[in-house]
Structure formats: C-alpha cells, structure tokens
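Accompanying notes for the structure given below.
The values are calculated or read from the model by the stated rules, or taken from the named source; none is laboratory data. These figures come from a predicted structure and were not determined experimentally. Don't worry about glycine lacking a Cβ; one is built from the backbone with ideal geometry, like all the others, and counts go over all protein chains shown. Each accessible area value is taken on the protein alone, full model and side chains, heavy atoms only, with ligands, DNA and RNA left out. Shrake-Rupley method; radii C 1.70, N 1.55, O 1.52, S 1.80 Å.
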Amino acid sequence: MTESTDKYTTETVTWVHTWVPHKLFSFRITRPASYRFTPGQFSRLGVRTRNAQGEETIAWRAYSVVSSPYDEELEFFSIVVPDGEFTSQLEKLKPGDPIFIDKQSFGFLTTAAFPSGDDLWMLSSGTGLAPFISVLHDLEVWETYRHLIVVHSVRGVEELAYQETIEGLRTHEVFGEWCREQPDKLIYVPSITREPVPGMANARITTLLETGELEQRAGVTLDPARSRVMLCGNPEMVQDLRDLLKTRGFATTRRGIAGNLAVENYW
Ligand code: FAD
C-alpha cells in the first residue's frame, strides 16, 4: 500500500547490506524528490508494526543519513536491537519493500554549528559513525579543515563498518586530484574495546582521550581554539566525553554563542 500524507511519503527499499548478521546492517531507500538534508542530520523513518492491541500502526525512529546530499538514494546504518519494536521489523525489510520517511530532516550535528576551525574531530561509537560518513562526503568540509579525524569505537573488529568507504576517501578515490594535493587530511582511528587487535587502539574513547593516546594516534592536538568536535552514539559515551572535553575548554553552542562541540545521543 502506498501512502503519502502532509508529513511523510512511502519509499522503497532498494539495497540491503549485512555487516554482522542479526546485529548490524545498512540499507538504501528511494529518495523523495524534494528531500533535503545537511550532512550530519537525521531522518525519521517509519515501518509497519502492530501495537499491544494487535492493531496495525507505524513505528517511527530517528536515523542519521549516511548518504551525501547529492546521492540519488538515501542510505542508513542500523543496529538490530533484540526484540526492539522498530529494528525487529526493519531487519526483515528487503529490496522492493515499502518504508515511510518524514518529509523533513532534523538535527544540529552539522559543521554549520561551528565557527571556522583547523581540525574537525568526529568521535563515534557503534552506529554513531553514520552521520560522519555523510559529513566526510561534503567537499566543503574538505576545503574548510586541515585535518578530518574520524574515531570509531566498537566492541569487536567485525563491527568496523564503512572501512572501505573511509579508505576510499582517505586515499582520495572519491575527490580525486584536488585532494591528492593534501595528503593525510583524513585520519581514521578505529578502537576495539573487547579484544586487542594489532595496530588498533584497544580502549573506550574516554580512556583514549584521558591517556593522550587519542591525540597520539591521530598525530593532531586537541585545542579548543583550533579544533571542532562532534560526538555521536551511546549517550553514556557522549556524556563522559562531553564532561572530559569541558575541562579542556570545549562547549556546545549556547544562547547564540557559537561553540566548538556538537553532540547527538542515540537513545
Ligand atoms: P528502541 O526501543 O528504540 O531501543 C531499545 C534500546 O536499544 C535503547 O534503549 C538502547 O539501549 C538500545 N539502542 C537503541 N539504538 C541503538 C543503537 N543505534 N546502537 C546501540 N544500541 C541502541 N540507530 C541506528 O541504528 N542508526 C542510526 O543512524 C541512528 N540514528 C539516530 C539518530 C538520533 C537523533 C536518535 C535519537 C536515534 C538514532 N538511532 C539510530 C537509534 C534509533 O532511533 C532506534 O533507537 C533504534 O533503531 C532501535 O529501535 P528499536 O525500536 O528497535 O529499539
């Protein structure tokens, strides 16, 4: 059944990619013709489900857009929450199936929030990487910042999704000649918390920040005057990092005063 209301449209799933079976996957959907977003923003997606009374209803959840604003389709990166109302339905979707999307995009996890700076740090846990893949596809971000540092913390190495995409951007396959003139702009710091993996960090981002390993691995210093920091994912991680960064002179935008920190909690 195809529905379109003032608030949402029905789109079609076009592609599904499993990263870790029954745990992590990405999917693409057709893009409503008039759908606009800024890298870092999120969509509201809807899937059909049944409420406690057994009646058919639509469950809605926020999902960061992975795609670039110029992509023809919209890509998303999802966890599967065991018995989760939304993701237990979402996980079953296959190409050709319908999905609902709110006509608007939302959120303030964008570089527009920042005054200009030298280095853009994107610190994420789990699916919190999603908005940063979109940000990394923004040529303006490449033009504005000297370094783009992506930190992705996961429990197991198999959860390091989008490594090839990041590598493609890092080695300039995406932006080509223009970026080749600026080697080492994109710095990728994966961290595996559950098990040590040769060559990779092995701690939560908070620990990496406290011990100085984060800056050491990135080869860039965190400095409130020059660095702009975005945090996304697990709310506990976001809060702990926020507290730590506060002691180092980082703050979100408040009462019209532009900050050097932007955050997004996933639950
Ligand atoms: P819920 O009932 O919504 O959640 C149950 C519990 O599962 C939560 O209390 C929490 O403990 C855990 N949980 C929820 N989401 C996650 C997650 N992403 N990773 C680990 N544990 C989780 N989720 C994504 O997978 N990808 C995204 O890009 C994404 N973007 C979001 C953007 C925003 C602004 C917000 C607020 C949330 C975002 N989420 C994202 C979370 C998403 O909206 C849902 O919570 C998630 O799909 C689970 O839905 P559910 O109904 O199955 O479980």
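Using +1 on the beta carbon of Lys and Arg, -1 on that of Asp and Glu, and nothing else charged, what's the dipole of the chain about the Cα centre, debye to 20?
With Lys and Arg at +1 and Asp and Glu at -1, about 560 debye.
Provide the convex hull volume over Cα atoms per residue for the stretch 111-263, in Å³.
Values: hull volume 16.0 nm³, N = 153.
Hull volume over Cα atoms, normalised by residue count, gives 105 Å³.
For labels at GLU73 and THR12 in the simple 7 Å Cα→Cβ model, what's the distance in nm?
Inter-label distance under the simple model: 1.1 nm.
Using the per-residue mean of other Cβ atoms lying within 10 Å as a proxy for protection, in what order, highest first, do the peptides 61-72, 89-100 fall?
61-72, 89-100
How large is ³J(HN,Hα) for each residue in the stretch 242-256, as worked out from phi by the Karplus curve 6.51 cos²θ - 1.76 cosθ + 1.60 (θ = phi - 60°), to whole Hz, x for Gly and Pro?
Ordered by residue, 3J(HN,Hα) equals 4, 4, 5, 5, 4, 5, 9, x, 9, 8, 7, 5, 9, 6, x Hz.
Taking amide H positions as placed 1.01 Å from N in the peptide plane, with prolines and chain starts having none, which residues 5 or more places from TYR8, or on another chain, fall under 5 Å of its amide H?
Result for TYR8 returns LYS103.
Applying the Karplus parametrisation 6.51 cos²θ - 1.76 cosθ + 1.60 with θ = phi - 60° to the phi angles of the stretch 59-72, what ³J(HN,Hα) value in whole Hz is obtained for each residue in order, glycine and proline being reported as x?
Once rounded to whole Hz, the list reads 9, 10, 9, 7, 9, 5, 7, 8, 5, 7, x, 9, 5, 6.
Strictly greater than 14 Å: what percent of every Cα pair in the stretch 1-58 meets that?
Counting pairs separated by more than 14 Å, the tail of P(r) holds 70 percent.
For a quick check, take a GNM of the chain with Cα springs below 10 Å and name the residue from GLY46, GLY219, GLY107 with the largest mean-square fluctuation.
For the chain, modelled as a Gaussian network with Cα springs under 10 Å, the answer is GLY219.
Given H placed on each backbone N at 1.01 Å, which residues far from ALA262 in sequence or on other chains put an amide H within less than 5 Å of it?
It is VAL229, MET230, LEU231, by chain and number.
Summarise the accessible area of the stretch 3-102 (1.4 Å probe, protein heavy atoms) by the percent that is carbon and sulfur.
On the way: 2540 of 5080 Å².
The nonpolar share, carbon plus sulfur, comes to 50 percent.
Only four residue types carry charge here, +1 at the Cβ of Lys and Arg and -1 at the Cβ of Asp and Glu. Report the dipole size of the stretch 111-263 about the Cα centre in Debye, rounded to the nearest 20.
580 debye
Expressed in whole Å with the largest first, what are the equivalent ellipsoid semi-axes of the chain derived from the C-alpha gyration tensor as the square root of 5 times each eigenvalue?
In descending order the semi-axes read 31, 20, 19 Å.
Straight-line reach from LYS92: which aspartates and glutamates fall under 15 Å, measuring Cα to Cα and dropping same-chain residues less than 8 apart?
ASP83
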